[in-house]
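J.: Supplied in structure tokens, the structure appears directly below.
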């Protein structure tokens with residue numbers, strides 16, 4: 001598939017752990033040849049290279065402090081301006097605050113880059129908790145299992161080696177619920193910031209992976225999501241929205 005571009009462009013991915021954002025990020029990267037800009041990866045890369053920004057970040061992290069916006073903004077700016085990202089970039093895990101979003105806006109304006117869209121992956125809280133808290137990992141290989149969707153042949157054991165599987169502390173249900181609440185409080189203002197600019201593209205991440213892929217591709221090409229024309233999917237989506245409004249006492 002050939003996608004016509006007139007200038008460098010990028011997208012921002014927003015969504016909680018467990019919404020399938022990582023899977024779709026890989027699909028977008030393969031389809032559009034965007035470079036994947038993850039702040040976690042950038043921090044590790046800069047520290048490993050021993051750059052000035054990396055040294056500053058390591059100093060903060062070693063002291064148990066949060067890495068400042070100035071350091072993170074600098075890393076993202078350098079990455080976006082690199083030759084690797086000239087075909088396009090995909091921001092994942094950034095911006096996390098409206099202040100960071102404003103920095104992204106300034107950078108795009110200064111470098112004549114276009115923000116193609118902010119992909120807002122929407123998923124019901126219970127679905128996120130179920131998807132994430134059922135995840136089990138084989139430490140040595142990184143193989144992942146899920147107690148419901150992809151169970152191992154023998155409970156608690158890796159299919160290949162027979163070794164024990166483990167669950168990350170932050171995948172436990174109570175931790176997932178707390179992290180999800182924090183995510184919503186943090187990202188809601190960012191979504192509002194970009195919705196006012198008309199670039200937010202809502203993605204129903206409750207659906208099957210292939211359905212979500214088709215929706216993502218259509219939305220990035222400025223077309224309606226195909227699943228929106230599916231009556232059953234639309235009814236299910238409205239039911240989830242009503243349930244959310246009732247929970248928030250907004251209905």
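The values are calculated or read from the model by the stated rules, or taken from the named source; none is laboratory data. This structure is a prediction, so every number in the text was calculated from the model and none was measured. Don't worry about glycine lacking a Cβ; one is built from the backbone with ideal geometry, like all the others, and counts go over all protein chains shown.
J.: Being touching a residue at least 24 places away in the same chain (Cβ under 8 Å) and closer than 30 Å to residue 174 by Cβ narrows it down to one of 132, 148, 111, so name that one.
T.: Being touching a residue at least 24 places away in the same chain (Cβ under 8 Å) and closer than 30 Å to residue 174 by Cβ holds for just one of 132, 148, 111, which is 132.
J.: Give the residue, chosen from 86, 126, that is out of contact with any helix residue (DSSP H, G or I) (no Cβ under 6 Å at 6 or more places or on another chain), surrounded by fewer than 17 Cβ atoms within 10 Å (Cβ to Cβ), touching a residue at least 24 places away in the same chain (Cβ under 8 Å) and on the phi < 0 side of the Ramachandran plot.
T.: After ruling out the rest, the residue left standing is 86.
J.: Continuing with this model, one more query. Report whether or not residue 167 is closer than 18 Å to residue 131 by Cα, in contact with a strand residue (DSSP E or B) (Cβ under 7 Å, 6 or more places away or on another chain) and at pLDDT 85 or above.
T.: Yes, satisfied.
J.: Could I ask something else about it? Given the options 80, 47, name the one that is more than 23 Å from residue 122 (Cβ to Cβ), crowded, with 21+ Cβ neighbours inside 10 Å and in contact with a helix residue (DSSP H, G or I) (Cβ under 7 Å, 6 or more places away or on another chain).
T.: Exactly one residue qualifies, and that residue is 80.
J.: Residues to consider are 223, 241; find the one that is under 17 Å from residue 116 (Cα atoms), exposed (fewer than 14 other Cβ atoms within 10 Å of the Cβ) and modelled with pLDDT under 90.
T.: 223
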